[in-house]
Amino acid sequence: MRPYERWPTIWQFFIALDEDWQDSSPSEEHALIAATAGYSEAAMTEALREWHEAFDGADDATVEDIVADFNPSYDPTAKFGGYRGWAEWVRAHLDRELGERRASC
């Protein structure tokens, strides 16, 4: 089973940054926010659970394999310093978004 099949919810967060994100969003942050605006709190929680299952304890080669399978058209090197940096950025976004949703309840 490929990573995007094993962790389909978190895959959506990585696919949000496709090669054409600049055509519809002013920044990568806005692209991710727009792509996930309709997600329920339950879906965001599932994405975070999948993130931890995929990346906790993974070495750099495994992180690169997973992330490259999630979105092979995007090179995270310039913006995030590599695949692990991108994965950590996605996790930080999930943590922040869930925190904001829980605080507003």
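None of the figures in this text is laboratory data; all of them are computed from the coordinates on show. Keep in mind it's a predicted model, so treat the numbers as computed, not measured. FYI the Cβ positions are ideal-geometry reconstructions off the backbone, even for glycines, and counts take in every protein chain you see.
Placing +1 on each Lys and Arg Cβ and -1 on each Asp and Glu Cβ, with no other charges, gives the chain a dipole about its Cα centre of roughly 360 debye.
Just flag the GluC sites (Glu not before Pro) in segment 14-72 sitting in loop per DSSP whose Cβ has no more than 11 other Cβ atoms within 10 Å. Of the GluC sites (Glu not before Pro), the ones in loops of segment 14-72 whose Cβ has at most 11 other Cβ atoms within 10 Å are Glu19.
Evaluate 2.2 N^0.38 Å with N set to the residue count of the chain, then give the Cα radius of gyration divided by it.
Numbers: Rg = 13.1 Å, N = 105, 2.2 N^0.38 = 12.9 Å.
Expressed relative to 2.2 N^0.38 Å, the Cα Rg reads 1.02.
Here r is the Cβ-Cβ distance between Met1 and Ala37 and R0 is 22 Å; the resulting FRET efficiency, rounded to 0.05, is 0.15. Once the Cα-Cα distance is subtracted from the 0.36 nm per residue extended length, the Ser27 to Glu88 segment shows a gain of 20.2 nm.
With r as the distance between the Cβ atoms of Gln12 and Asp56 and R0 = 30 Å, compute the FRET efficiency 1/(1 + (r/R0)^6) and round to 0.05. All intermediate terms of the calculation are to be shown ahead of the outcome.
Details: r = 19 Å, r/R0 = 0.65.
FRET efficiency, Asp56 to Gln12: 0.95.
Projecting the Cα atoms of Val90, Ile66, Ala78 onto the dipole axis of segment 63-105, where Lys and Arg carry +1 and Asp and Glu carry -1 at the beta carbon, places Val90 farthest toward the positive end.
Over all alpha-carbon pairs of segment 34-74, lay out the pair-distance distribution in 5 Å bins, whole %, shortest bin first. Reading the bins upward from 0: 6, 20, 20, 23, 20, 10, 1. Backbone phi angles across segment 39-47, fed through the Karplus curve with coefficients 6.51, -1.76 and 1.60 (θ = phi - 60°), yield HN-Hα couplings of 6, 6, 4, 5, 5, 5, 5, 5, 4 Hz in residue order; Gly and Pro are listed as x.
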